[in-house]
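Here's the structure, in structure tokens; my notes come after.
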Amino acid sequence: PNGVVIVPSDLELTQAFTDQLHERQIPFILLDSYMPSLNPLSFFGQDSLQSGYFAAKMLMLIAHKEKEIMLMKQMKNGKVASKQQENREVGFRQYMHDFYPDVKIHELNLPLDEERSLYDDILGDFFDAHPGVHHCITMCSKAHLVGEFLLRTNRTNIQIMGYDMVGKNAECLRRGSISFLIAQHAFMQGYNCIDTLFKAIILKQEVSPVNYMPIELLSSENVEFYRRTQL
């Protein structure tokens with residue numbers, strides 16, 4: 001290939017691949033997770049730390065009176081799926097430490113390698129054991145796993161906030177089980193990655209090494225106006 005777009009997860013595994021690309025002088029672009037030690041041609045994605053900080057701020061606009069909240073994760077072998085999610089959580093916890101240090105954060109894991117049929121039991125047990133939790137957040141695109149459970153079980157006094165404008169998330173947002181979504185124009189990110197490879201390889205132009213994408217907050221009131229294909 002003349003160029004590669006990579007969505008990295010684990011640094012060590014990704015570096016084993018990018019080292020080979022460097023040896024063959026094949027340029028690559030990182031999408032979503034910025035790992036500068038890999039020396040990519042360019043990066044497109046959110047500032048993950050700032051994104052997590054922003055997410056906490058938005059959550060606490062509606063949960064400022066709460067004494068406890070839930071942080072939902074999907075993990076495998078003790079790790080979340082991407083460096084991006086790790087960094088978002090760092091930013092999230094920094095905001096909570098700075099402004100809401102007394103709010104207890106309960107972590108709940110919906111294991112990536114577990115059957116989804118078991119998620120209802122995990123979620124049901126959690127909410128039964130924590131009746132004071134009314135607001136939840138996740139740093140990944142799977143808020144609908146909780147949102148759909150809340151709708152199925154008619155738990156109308158609980159909401160979750162999450163990331164990404166995927167269809168199931170949007171439906172939960174419309175129906176009220178997801179309070180907010182943070183969107184990042186995934187279509188535009190992918191388009192810009194290919195456009196940057198074209199400019200660098202074909203046109204021999206200099207390209208920007210770091211390209212942070214805008215952070216957008218979606219609610220039930222503005223979700224219909226969001227355009228995934230906006231360029």
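Among the residues of region 190-205, is there at least one that is touching a helix residue (DSSP H, G or I) at 6+ places or on another chain (Cβ under 7 Å) and touching a residue at least 12 places away in the same chain (Cβ under 8 Å)?
no
Can you pull out the residues in region 64-84 that are among the basic types (Lys, Arg) and touching a residue at least 40 places away in the same chain (Cβ under 8 Å)?
LYS67, LYS73, LYS79, LYS83
For residues that are assigned to a loop (DSSP other than H, G, I, E, B) and in contact (Cβ under 8 Å) with a residue 60 or more places away in the chain, scanning just region 33-53, find the one that is least open to solvent (accessible area, probe 1.4 Å).
Among residues in region 33-53 that are assigned to a loop (DSSP other than H, G, I, E, B) and in contact (Cβ under 8 Å) with a residue 60 or more places away in the chain, the one least open to solvent (accessible area, probe 1.4 Å) is GLN46.
If only one of ASN192, ASN222 is polar (S, T, N, Q) and more than 23 Å from LEU61 (Cα to Cα), which one is it?
ASN192
So GLU216 ticks every box in (1) of a type in the set (D, E, K, R); (2) open to solvent by 70 Å² or more (accessible area, probe 1.4 Å); (3) within 16 Å of the chain's Cα centre (by Cα) but one. Which box is left unticked?
Every listed condition holds for GLU216 apart from (2).
Which members of region 199-209 meet the condition of being under 20 Å from ASN39 (Cβ atoms) and in a helix (DSSP H, G or I)?
If the condition is that a residue be under 20 Å from ASN39 (Cβ atoms) and in a helix (DSSP H, G or I), then LYS199, ALA200, ILE201 are the ones that fit.
What number of residues within region 55-83 satisfy the criterion of being touching a strand residue (DSSP E or B) at 6+ places or on another chain (Cβ under 7 Å) and part of a helix (DSSP H, G or I)?
Of the residues in that region, 5 qualify.
Search region 102-150 for residues being among the charged types (D, E, K, R) and assigned to a strand (DSSP E or B), and hand back the single one that is farthest from MET161 (Cα to Cα).
LYS104
The values are calculated or read from the model by the stated rules, or taken from the named source; none is laboratory data. Being a predicted model, the structure only gives us computed values, none of them experimental. Every residue, glycine among them, receives a Cβ derived from its backbone with ideal geometry; neighbour counts consider all protein chains shown. Quick note on the areas: whole protein, heavy atoms, side chains included, nothing else; ligands and nucleic acids left out. Shrake-Rupley method; radii C 1.70, N 1.55, O 1.52, S 1.80 Å.
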